[in-house]
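Novice: Please find one structure pasted underneath; my questions will follow.
The values are calculated or read from the model by the stated rules, or taken from the named source; none is laboratory data. What you see is a predicted model, and the numbers here were worked out from it, not measured in a lab. Cβ: placed from backbone, ideal geometry, glycine included. Neighbour counts: every protein chain shown.
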Amino acid sequence: MKKIFLSILAASAIFASCQDAPKADTATVGEAQKVDSAISGSTEYKIDLAQTKVEFVATKPVAKHHGTIDIKEGKLMIEASAIKGGNFVIDLGTLKTNDQDSIGNAKLGGHLMSPDFFDVTKYPTASFEISSVASGVDSSIKEVIMKDATHTITGNLTLKGVTKSISFPAKVSMNGAVVSADANFNIDRTQWNLSYGNDKSLKDKFISPIVNIGLHLVANK
């Protein structure tokens, strides 16, 4: 009886954990902000496409799915060893999942690119445009998960025709002619009209609205 109880308890713990996105800072979301596209005195650093990557984790009661999306192009504007602006374009047609066999990954990737989710035929790209980069972490965040964060990055995320401002902690570093930024945060996909499966009455087919985003950005002078 004790073994049965422990087995049920373990299964319940696994089931509960699968419903949650990875523990990460929640991005602050608001209305799109005005961006200064002409930043005088800044030097352009081009995004290194080979080293830059965007990762995501999506969850439902019975599973977690991991994937990647490539950045198509982008730049950072640097002045006095600080990021003053920049932008990058995400190529949604490169979306891949990598936690199943080849058939499962292809099937899930195709569904994510369909009108149920990203509708890649209509919206082939997403974009992020920086509106501000502040030293330190926003004081409104009571408990910062990313303990080595050095800055707060704010910018406009455009996805599926919807543009909203997001802010998140990031670790930014500069080494000569190379600048890098790392971030890991959670967003609510439904705020960008990605609502498929967001109904708890679906039970094990329910898909959490919270998606984890991992960003590793490298740019060269």
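Novice: Filter the range 183-214 down to residues that are over 19 Å from Thr163 (Cα atoms), crowded, with 18+ Cβ neighbours inside 10 Å and not hydroxyl-bearing (Ser, Thr, Tyr), then give me how many there are.
Specialist: Going through the range 183-214 one residue at a time, the tally reaches 3.
Novice: Restricting attention to strands (runs of 3 or more DSSP E) lying wholly within the range 21-107, give those where 1 or more residues are surrounded by 20 or more Cβ atoms within 10 Å (Cβ to Cβ). Spell out how you get there, then give the answer.
Specialist: Numbers: elements: 28-31, 43-47, 53-60, 63-79, 82-97.
Qualifying strands (runs of 3 or more DSSP E): 43-47, 53-60, 63-79, 82-97.
Matching residues to (1) surrounded by fewer than 20 Cβ atoms within 10 Å (Cβ to Cβ); (2) under 27 Å from Asn198 (Cα atoms); (3) at pLDDT 95 or above:
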position: Leu112; (1), (2), (3): no, yes, yes
position: Phe128; (1), (2), (3): no, yes, yes
position: Gly136; (1), (2), (3): yes, no, no
position: Ser140; (1), (2), (3): yes, no, no
position: Ile153; (1), (2), (3): no, no, yes
